[in-house]
Structures are given as structure tokens and as C-alpha cells.
Amino acid sequence: MNKFITFFVAAILSTYSIAQDPILGDPSEPVPTIVTGVVDGKPPSDAIILFDGNNMDSWEHVRTGEPSKWHIDNGILTVANGTGTLVSKQSFSDIQMHIEWRPSAEIVGAGQSRGNSGIFMQSLFEIQMLDSWDNPTYVNGQAGSVYHQYPPLVNASNPPGEWQNYDLVFKAPVYNREGQLEAPAYITLFHNGVLVLNHVEVLGSTFPRVPEYRAVCEPYEIGEIMDCTGKLPLLLQDHGQVMSFRNIWLREL
């Protein structure tokens, strides 16, 4: 009985002590910035608009720097096949991004030759876009994959000709002053509102046969050696198939 009483009193004292000591505290600063969220499809108030249906002022040809030759019709941007991949004029590190895309309603080709495009984070890490509705291919090459690295958790694709959307969070790789990798890139992706990549660790650039991280590298199609330890532009791929886009925006994190 005495042992029980001793245990009971100790438990009460322990609980009292915990209740008196704040675990996290109640800070009043820093006060979060006020941001208007997505309302009726309109981007957040702090978003950087990369395509709003009016012009392609935020993009240029990946090699020549010339203006985009892709078509804009009724607020929709469509790849002009063979005119080349586009690169963003701005460079970015960590971002939240939204992009809406639509493969052609006409089914032409199969596998990787059917409604193929991609958005490249920092011109190095491709998130695949593909008409993956009833279209078998290698699993880490279908829509929602980190190309050649991670397949999506599920196939959330809509039928050909229907709009699809990606909402993603990209954490850029971190290098030290000596150019050594300290932390790899990470990607979280929602495809049509469904989580398909859950904070996956990117193994390196997605276009070489072997993924790699290099402090000095040659990004996809850019054709020049660059410092790859800081901010880099996005790429929007011309893969030779019909793909349309709208409502492209991002937030720097």
C-alpha cells in the first residue's frame, strides 16, 4: 500500500511539473506575412505569374534566347512542335508551383510518343507530363513521375483532351562553399489533387544515364556550362507532341 501511495504522489508531482513548464512557448514574432490564397482559380497574392493566357514574356527559347514561337489561342498555350524547349527568364531555388496541362484529345502514338512533355525544376530535374490514360510505358516515365527515378504512387491521369493540374513543392539541393553536396533536392507532387510523390529524394539530374549532382554542370538543352549551386531557371519541354498549358504560377519559398 505504501508503495502505491508513493507512486501515486510521484505521478501527481510529475504531472504538475510538466503542466507548469511550457514546452514550446507562445511567441509573438515573427508575424506571418498576410497572403491571399487561391480564390476561383486565381493565383495567391504573392505568386510569380509565368503564364496568364496573354503572353510569353516570362519565357524564351532555351538555346537562342529568342521569343517563344509556341501558340497562344483563347488564353491557352500550345507547343509548336519542333520550335524548341522554353526556359524561364527568371531563376529559382525552393518553390511551390502550379501548372495546368492538357494532352491532345486525338490519340497519336503510344508510350513515350503520346502527349509527352515535362517541367524541369532548375533545368535539371524533370517531372514528367504524359498522356498516361490507358497508355502503358515504363512506370518511372509516366505522368507524375520524377523521370527515370520515381514512379507516381498512383496513376491519377485524366482522359486525353481533358485538363490536368500539378501542384508541387520543390526543395532545391544545397551545396557548401567548396561545391560539395550537403543536401539533395526533394519533390512533393499532387496530380489532379492526388498525392503522387511524397517528399521524394531526387537522385540527381534526370537526363543523364546515371543521375548526378554537380556544382558546375550543363543543364538540359541549355548547351552551356553553368554554376549549378544557386538559383536556376525552369524548362518547359518541346518533346514533339501536342501539349497545351494554362495558369502557370509559382511562389518562392
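The values are calculated or read from the model by the stated rules, or taken from the named source; none is laboratory data. Values in this document were obtained by computation on a predicted structure and should not be read as measured data. With ideal geometry, Cβ positions are generated from the backbone for all residues, glycine too; neighbour counts draw on all protein chains shown.
Please find, among ASN176, ASN140, ASN198, the residue that is at pLDDT 95 or above, surrounded by fewer than 17 Cβ atoms within 10 Å (Cβ to Cβ) and under 12 Å from the mean Cα position of the chain (by Cα).
Values: ASN176 fails: under 12 Å from the mean Cα position of the chain (by Cα); ASN140 fails: under 12 Å from the mean Cα position of the chain (by Cα).
Just a single option satisfies the conditions, and that option is ASN198.
Kindly provide the set of residues from segment 93-110 that are modelled with pLDDT of 95 or more and either touching a Leu at 6+ places or on another chain (Cβ under 7 Å) or not hydrophobic (A, V, I, L, M, F, W, C) (or both), ordered by number.
Within segment 93-110, the subset modelled with pLDDT of 95 or more is 93-103.
Scanning segment 93-110 gives SER93, ASP94, ILE95, GLN96, MET97, HIS98, GLU100, ARG102, PRO103.
Would you please list the contacts, defined by Cβ atoms under 6 Å and residues six or more apart or on different chains, that run from a residue in segment 208-227 that is modelled with pLDDT under 95 to a residue that is charged (D, E, K, R) and surrounded by fewer than 18 Cβ atoms within 10 Å (Cβ to Cβ)?
GLY223/ARG63
Please work out which residue is nearest to MET226 (Cα to Cα), limiting yourself to segment 105-153 and to residues that are in a loop (DSSP other than H, G, I, E, B), among the aliphatic types (A, V, I, L, M) and in contact (Cβ under 8 Å) with a residue 60 or more places away in the chain. It would help to see each step written out before you state the result.
Restricting attention to segment 105-153, the residues satisfying the condition of being in a loop (DSSP other than H, G, I, E, B) are 105-110, 114-116, 122-124, 130-138, 142-145, 147-149, 151-153.
Now drop any that are not among the aliphatic types (A, V, I, L, M), which leaves 105, 107-108, 110, 124, 130, 143, 153.
Of the ones still in play, those that are also in contact (Cβ under 8 Å) with a residue 60 or more places away in the chain are 108, 124.
Working: VAL108: 37, LEU124: 12 Å.
Looking at residues that are in a loop (DSSP other than H, G, I, E, B), among the aliphatic types (A, V, I, L, M) and in contact (Cβ under 8 Å) with a residue 60 or more places away in the chain, I get LEU124.
Let me confirm something: among GLU126, GLU162, which residue is within 19 Å of GLY204 (Cβ to Cβ), at pLDDT 95 or above and among the charged types (D, E, K, R)?
Values: GLU162 fails: within 19 Å of GLY204 (Cβ to Cβ).
Just a single option satisfies the conditions, and that option is GLU126.
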